[in-house]
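Q: Here it is: the structure, laid out below.
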Amino acid sequence: MSTARLKINLDALAINWRNLDAKTGCETAAVVKANGYGLESGRVGKALAQAGARNFFVAIAEEGIALRRALGPGPGISVFSGHMEGDAKLLRDFQLTPMLNSLDQMLRHFESLPGHPFGVQLDSGMNRLGMEAAEWMAVRDIALDQNPVLLMSHLACADEPGHGMNPYQLKNFIEMTEGLNLPRSLAATGGLLLGRDYHFDLCRPGIGLYGGAPYSDALPVVELEVPVIQTRDLAPGESVGYGNTWIAQRDTRIATIAAGYADGLHRAFQRQGIMAYAGSTPCPVVGRISMDLITVDITDLDDVPAYLSLINEAQTVDVLANAADTIGYEVLTSLGNRYARTYSA
């Protein structure tokens, strides 16, 4: 079988949620946007619901459909993008709660779905989504008359605990919401780890659930094993892969494995010397990563393995991300559709 295996540990996911929840004195929701960070939102959502999560967040209304079908009625599903044109039927039929980002969205929601639950997203300084302070002050009384279920904002630099943007946004959020006697939410994973001042009434971790930074105590949730298709022996001076970028300096055995950048294993990974693991033994990835294939130096192994591991406890999604000068979020959400996904609990 030439298909790489992406192993997803739902028990580790649930433990990460419980451990993050234990750090708060408020409700802990779960972010399952981007198809559960690439791990399949229905399976991820059900595991988190069984762990105790009762509220979930997705990016767009369409993402809420699969999640609602998996969870059934009851758990809350909120939509970060708010109420876009054409969303009314989805929001109503699948009991989704939009986080309204503008006056236009607010008017659209009140006119097309009067009485339907909604929240309001406020821009506390990130300048991405949400109402700025002046806009919020202009429409606040109108919004409050319709009974929003949540006031939320999002931190720009929460993964840098000492960054001055964090207290600046906290101050702005408090000024925009204090005294309104409504549930409030500011913290995702990074904000949750900043401490109780940032927690308010609801935290909404995302990447930390899936084993990623900045939650350094997270259990790894994914493991990627890639089958060896072929091996060959090289003499010193022979090259491997496109562009002859790697040349053997000794007698070398090369294993070619069945994955590449079409599977989310970016060409940039090779710049920082990532490894493929045979059990606990690291083997260097050599030559350029191509669309469907990666070449690995297995000279120091006694035997040719059937599979080599690219994501594991030693080489996490964040290690791969650092090699490509990106973040673990991008690695997780880029993992392709060709993998044979298996789930354990």
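Q: If you take the residues in the range 69-97 that are surrounded by fewer than 23 Cβ atoms within 10 Å (Cβ to Cβ) and of a type in the set (Gly, Ala, Ser), which one is nearest to LEU39 (Cα to Cα)?
A: ALA70
Q: To continue, here is another question. Picking from ALA59, ALA53, ALA12, ALA30, which residue would you name as being open to solvent by 20 Å² or more (accessible area, probe 1.4 Å), at pLDDT 95 or above and either small (Gly, Ala, Ser) or under 19 Å from LEU100 (Cα atoms) (or both)?
A: ALA59
Q: Also: Does ALA66 qualify as being in a helix (DSSP H, G or I), open to solvent by 40 Å² or more (accessible area, probe 1.4 Å) and small (Gly, Ala, Ser)?
A: In short, yes.
Q: Then there's this: For ALA218, work out the one condition from (1) in contact with a helix residue (DSSP H, G or I) (Cβ under 8 Å, 6 or more places away or on another chain); (2) assigned to a helix (DSSP H, G or I) it doesn't fulfil.
A: Every condition holds for ALA218 apart from (2).
Q: Right, GLU85: farther than 22 Å from GLY190 by Cβ and outside any helix (DSSP H, G or I) or not?
A: Answer is yes for this residue.
Q: Given the conditions (1) in a strand (DSSP E or B); (2) open to solvent by 50 Å² or more (accessible area, probe 1.4 Å), which single one is not true for GLU225?
A: Of everything listed in (1) in a strand (DSSP E or B); (2) open to solvent by 50 Å² or more (accessible area, probe 1.4 Å), GLU225 misses just condition (2).
Q: Go through the range 160-190 and give me each residue that's in contact with a helix residue (DSSP H, G or I) (Cβ under 9 Å, 6 or more places away or on another chain), farther than 15 Å from ARG204 by Cβ and assigned to a loop (DSSP other than H, G, I, E, B).
A: Once the filter is applied, which keeps residues that are in contact with a helix residue (DSSP H, G or I) (Cβ under 9 Å, 6 or more places away or on another chain), farther than 15 Å from ARG204 by Cβ and assigned to a loop (DSSP other than H, G, I, E, B), the range 160-190 yields GLU160, PRO161, LEU180, LEU182.
Q: Select from the range 182-204 the residues that are touching a residue at least 24 places away in the same chain (Cβ under 8 Å) and small (Gly, Ala, Ser) and write down the one among them that is surrounded by the fewest Cβ atoms within 10 Å (Cβ to Cβ).
A: Checked the range 182-204; the qualifying residue surrounded by the fewest Cβ atoms within 10 Å (Cβ to Cβ) is ALA188.
Q: Another question, if that's okay. Of all residues being polar (S, T, N, Q) and in a helix (DSSP H, G or I) in the range 15-27, which is surrounded by the most Cβ atoms within 10 Å (Cβ to Cβ)? Just the residue, please.
A: Here the residue is ASN16.
Q: Mind counting the residues in the range 98-129 that are closer than 19 Å to ALA61 by Cα, open to solvent by 20 Å² or more (accessible area, probe 1.4 Å) and either in contact with a Ser or Thr (Cβ under 7 Å, 6 or more places away or on another chain) or outside any helix (DSSP H, G or I) (or both)?
A: Of the residues in that region, 7 qualify.
Q: Return yes or no: is PRO305 farther than 25 Å from TYR210 by Cα and either out of contact with any helix residue (DSSP H, G or I) (no Cβ under 7 Å at 6 or more places or on another chain) or among the hydroxyl-bearing types (Ser, Thr, Tyr) (or both)?
A: Here the answer is yes, as PRO305 does meet what is asked.
Q: Kindly indicate the residue of the range 191-215 that is of a type in the set (D, E, K, R) and outside any helix (DSSP H, G or I) and also farthest from the chain's Cα centre (by Cα) among those meeting that condition.
A: ASP201
Q: Could you grab me the full set of residues in the range 141-159 that are open to solvent by less than 50 Å² (accessible area, probe 1.4 Å) and either under 16 Å from MET126 (Cα atoms) or assigned to a helix (DSSP H, G or I) (or both)?
A: Scanning the range 141-159 gives ALA143, LEU144, LEU151, MET152, SER153, LEU155, ALA156, CYS157, ALA158.
Q: In the range 291-314, which residues are open to solvent by 30 Å² or more (accessible area, probe 1.4 Å) and hydrophobic (A, V, I, L, M, F, W, C)?
A: Selection gives MET291, LEU293, LEU301, VAL304, ALA306, ALA314.
Q: Six or more apart or on different chains, Cβ atoms under 6 Å: show the pairs whose first residue is in the range 164-177 and aliphatic (A, V, I, L, M) and whose second is open to solvent by less than 30 Å² (accessible area, probe 1.4 Å).
A: Pairs that qualify, where the first residue is aliphatic (A, V, I, L, M) and the partner is open to solvent by less than 30 Å² (accessible area, probe 1.4 Å), are MET165/CYS157; MET176/LEU122; MET176/TRP136.
The values are calculated or read from the model by the stated rules, or taken from the named source; none is laboratory data. This is a predicted model, so every value here is computed, not measured. Positions of Cβ are generated from backbone atoms using ideal geometry, with glycine treated the same way; all protein chains shown enter the neighbour counts. For accessibility, only protein heavy atoms count, side chains too; no ligands or nucleic acids. Shrake-Rupley method; radii C 1.70, N 1.55, O 1.52, S 1.80 Å.
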